[in-house]
1. With the condition being of a type outside the set (S, T, N, Q) and surrounded by fewer than 11 Cβ atoms within 10 Å (Cβ to Cβ), I'd like the strands (runs of 3 or more DSSP E) fully within the stretch 1-92 carrying at least 1 qualifying residues.
2. Within the stretch 38-81, track down each residue that is at pLDDT 90 or above, of a type in the set (Lys, Arg) and closer than 14 Å to Leu20 by Cα.
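The values are calculated or read from the model by the stated rules, or taken from the named source; none is laboratory data. All values reported here derive from a predicted model rather than from experimental measurement. Cβ atoms come from the backbone with ideal geometry, glycine included; neighbour counts cover every protein chain shown.
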Amino acid sequence: MCTISPKLVETGRHLNIALLTDSEVTKVEGEAGNFRVTLKRKPRYIDVSKCTGCSDCAQVCPVPIAGRFDEGMAQQRAAFKLYPQAVPNAYAIESGASPPAGTPAQPVSGPKGTSP
């Protein structure tokens, strides 16, 4: 990751590039210089424009899942950032993960201890 991280950050800051994370190309039509692409976007369940990357959501998340970054060799929480240098620097929530039986819901505070 050492050599690619600066390039990811530069790409994330470029004015003419829109990052579409967790997206998959389903169809490409047209020809070079004039084409249309259809994408399927997976939901993050966290608003990237409001997420500060503080990890509060991951710390209170009661749902353990197999780690995505290390191919399931370790556990992580369902609220996660794929890897420390991820661009954008925002968390996501794994859909389909369910909390252990009897786990009470916990409120998550907003930025700097404010309510959401």
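1. 23-31, 34-41
2. Lys40, Arg41
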